1. Net charge within 11 Å of R279 by Cβ-Cβ distance, Lys/Arg positive one each and Asp/Glu negative one each, not counting R279 itself?
2. With θ set to phi - 60° and the Karplus curve 6.51 cos²θ - 1.76 cosθ + 1.60, what are the ³J(HN,Hα) couplings of segment 264-281 in order, to the nearest whole Hz, using x for Gly and Pro?
3. Search the structure for amide H atoms under 5 Å from the amide H of F304, placed 1.01 Å from N in the peptide plane, and list their residues when 5 or more places away or on another chain.
4. Each residue of segment 373-388 in turn: what ³J(HN,Hα) in whole Hz from Karplus with 6.51, -1.76, 1.60 and θ = phi - 60°, glycine and Pro shown as x?
5. Can you give the relative contact order of segment 330-484 as a percent, counting alpha carbon pairs under 8 Å and 6+ residues apart?
6. Between K235 and A61, how high is the FRET efficiency from 1/(1 + (r/R0)^6) when r is the Cβ-Cβ distance and R₀ = 41 Å? Nearest 0.05.
7. Mind checking which of M298, L159, L498 is farthest towards the positive end of the chain's charge dipole, using Cβ charges of +1 (Lys, Arg) and -1 (Asp, Glu) about the Cα centre?
8. Karplus couplings for segment 352-364 from phi (6.51 cos²θ - 1.76 cosθ + 1.60, θ = phi - 60°), rounded to Hz, Gly and Pro as x?
Amino acid sequence: MAGRLLKVSTVATAVFASSGFYLYNNKHLDPNDLSIIRFGRAAATTALISYDYFTAFRDVAHGTEEYWDLRSKVHRRSAERLRDLCCANRGTFIKVGQHLGALDYLLPPEYTNTLKVLHSKAPQSTMEEIQQVIREDLGKELRELFSSFDQQPQGAASLAQVHKAVLLDGRTVAVKVQHPKVQTQSAKDIMVIELLIHAVHWLFPDFAFMWLVEEAKKNMPLELDFLNEGRNADKVAAMLKHFDFLKVPKIHWDLSTKRILTMDFAEGGQVNDREYMRRNGIDVNEISENLGKMYSEMIFVQGFVHCDPHPGNVLVRKCPRTKRTEIVLLDHGLYQVLKEDFRLDYCRLWQALMKADMKGIETYSRRLGAGDLYPLFACVLTARSWKSVTGGISQTPVTNSEDVEIRTNAALYLPQISDLLNRVPRQMLLLLKTNDLLRGIETILQTRASSSSFLNMSRCCTRAIASHRRSKASSRSRRVQISMSEALTLWQISLYELFLWMRSSVLGCWVSALIGFLPGFS
């Protein structure tokens, strides 16, 4: 092991030395534009983190209090080094770092808490760079396209930044402009990340994160094509038009290219901003329920899923005209189209999880690729303990002690979790990421595992499976029978929802108290 680390360190040192010599002879170049600098920085950070893990625990007995304290410190400083690398190399590195920061079910909290700040640490392009991209792609100067264009961006992300502007006809728009160097750097950055993950796996065989590289290879080109993002926005707006609480900004196609996306400007607070909701009279339970409805429809019924619901991409507001609460969905670059067999198995698995149907949990987990690791898969998917899964996740409330148990087990079973993530279909990885981001929002809003979220999922799973069965039915009478069964199940869900509402209402509490005083009931 020491010999392997020495080889990695030697390569990193050689890269830095050659990079320094190259820069000395090319003094006008930006070091961050050079692949050799980016690779050298990444290789050096990887070697340093690996060396720290390899040497830190030599004189400490495993399982002691000193060991756990030291391990937490090593996790923390390694996560900080990784965060600094992402900030220095920017672009694809920040995107991957943001993804890692969302893996609460897999990584220790020292990593996820440190890497979550990357959502607010994204780089900014200069105004000159923004003007150059607009000039190259739209063929005109800013003044020829907009009556005003805010120089300070509304927000900056890993791949682009958004500016508020006013069109010549007076309409206010948001202009999303890609960082100019991302296109040329992304493919090389992914190759660097792939190489270094292979190197870490060579040093530490239990470390198996190749699925992360495969996902980046597939998704990065899609996220860098803003025309694809615009088409996704139009599709989801049409697909979910029956949800009057959902707003998707309209795309201005005449001012959009692969690197520029112009859309209607939308204001609002981030979906995790409880203080904003309090000031504006927005009910957090209503927001949480509507968010669940929206994503259940996308995942279980439509099979077309917005896969980046981090708080910056989901805004909430009171409509100025109707005063109704609305959810504004932004950033449509990354969607997952679920295969029908996968989607239906996923529906049946969630139905089994909500009913504590252990045979169904095993059957559909295996069909989704989990194999003998199906108990672990159920825990990862729901972010619940196996005890809660066997007891029924819709019946067992989430507790702080359970969250602590899950985090502890995630650290203990890291090799098995990595093995599981390498087994399951690639589509499952983005769904796990989506589930984690939604759970994070629910946790902050303090609405996690509410009964309404499970009821909405139950409705969508019922509709999805009934729709599939109707499409396969050979006779009209059979289709009518399926529709009647679907209607009955949906009615039962609504009746149960009414019962829960009455039980929690003031009237329900009053009736319960009154019954308690009656003879034979006390």
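1. +1
2. Values per residue, Gly and Pro as x: 4, 7, 10, 9, x, x, 5, 5, 9, 8, 5, 5, 4, 5, 5, 5, 9, x Hz.
3. Amide H to amide H, under 5 Å and 5 or more residues apart or across chains, F304 pairs with L338.
4. For segment 373-388, the Karplus curve yields 8, 4, x, 5, 4, 4, 5, 5, 5, 9, 6, 10, 6, 5, 4, 5 Hz.
5. Averaging sequence separation for qualifying contacts and normalising by length gives 23 percent for segment 330-484.
6. Step by step, r from the Cβ atoms, then E = 0.10.
7. It is L498, whose Cα lies furthest towards the positive end.
8. Listing the rounded values in order: 5, 5, 6, 9, 6, 7, 5, 5, x, 4, 5, 4, 7 Hz.
The values are calculated or read from the model by the stated rules, or taken from the named source; none is laboratory data. Fair warning: this is a prediction, and the values are worked out from it, not measured in the lab. Using ideal geometry, Cβ is built from the backbone for each residue, glycine included, and neighbour counts are taken over all protein chains shown. Areas reflect the complete protein model, heavy atoms only, side chains present, ligands, DNA and RNA absent. Shrake-Rupley method; radii C 1.70, N 1.55, O 1.52, S 1.80 Å.
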